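Engineer: Please see the structure below; I have some questions.
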Amino acid sequence: MDAFDTPGMERDVHVFLQELRDEAAASERITTADGQIVLHSSERTIMYEHRSDRIIRRVDYAGFEVALLDVKQMQAREEGKNLNVRVLVPEAVDVILYPRLVPGEVQF
């Protein structure tokens, strides 16, 4: 089963995490702080930021698009080469991206 076979919010979270994983894998440096994930590369800077009830995605600090709705909280931290992401939607989702390529277990 892939992300597009799962219903509603589960599918949205899976798609968000897959996109984040792919962009994190292509980044040269990742910084996290206070509800933000910033992915730095020589070509561009991508920021994911929790605002109100959504996660927005910005490229080069201009404009934004909504990456995920109905989000109560997003926490992210670097742990060595791991990027640990916790997204609180109707149920919490913990994911470890290691080494910025493979997501950990996602449970609903």
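The values are calculated or read from the model by the stated rules, or taken from the named source; none is laboratory data. Everything quoted here is computed from the prediction, not taken from an experiment. All Cβ positions, glycine included, derive from the backbone under ideal geometry; neighbour counts span all protein chains shown.
Engineer: I'm trying to understand the selection: among the residues of region 1-42, which are modelled with pLDDT of 85 or more and among the aromatic types (Phe, Trp, Tyr)?
Structural biologist: Passing the criteria: only Phe16.
Engineer: For region 24-81, what are the residues that are within 13 Å of the chain's Cα centre (by Cα), of a type in the set (Lys, Arg) and over 17 Å from Val13 (Cβ atoms)?
Structural biologist: Result: Arg58, Arg77.
Engineer: I need the full set of residues from region 16-30 which are touching a Leu at 6+ places or on another chain (Cβ under 9 Å) and within 14 Å of Leu68 (Cα to Cα), in order please.
Structural biologist: Phe16, Leu17, Leu20
Engineer: Counting only residues that are exposed (fewer than 11 other Cβ atoms within 10 Å of the Cβ), give me the strands (runs of 3 or more DSSP E) lying completely in region 1-76 with at least 1 of them.
Structural biologist: 29-33, 62-69
Engineer: A further question on this structure: Looking at Ser41 and the list (1) in contact with a strand residue (DSSP E or B) (Cβ under 6 Å, 6 or more places away or on another chain); (2) free of Cβ contacts under 8 Å to residues at least 40 places away in the same chain, which single condition is not satisfied?
Structural biologist: Of (1) in contact with a strand residue (DSSP E or B) (Cβ under 6 Å, 6 or more places away or on another chain); (2) free of Cβ contacts under 8 Å to residues at least 40 places away in the same chain, only one is false for Ser41: (1).
Engineer: Mind checking whether some residue in region 22-33 is over 15 Å from Lys81 (Cα atoms) and touching a residue at least 12 places away in the same chain (Cβ under 8 Å)?
Structural biologist: No, region 22-33 contains no residue that is over 15 Å from Lys81 (Cα atoms) and touching a residue at least 12 places away in the same chain (Cβ under 8 Å).
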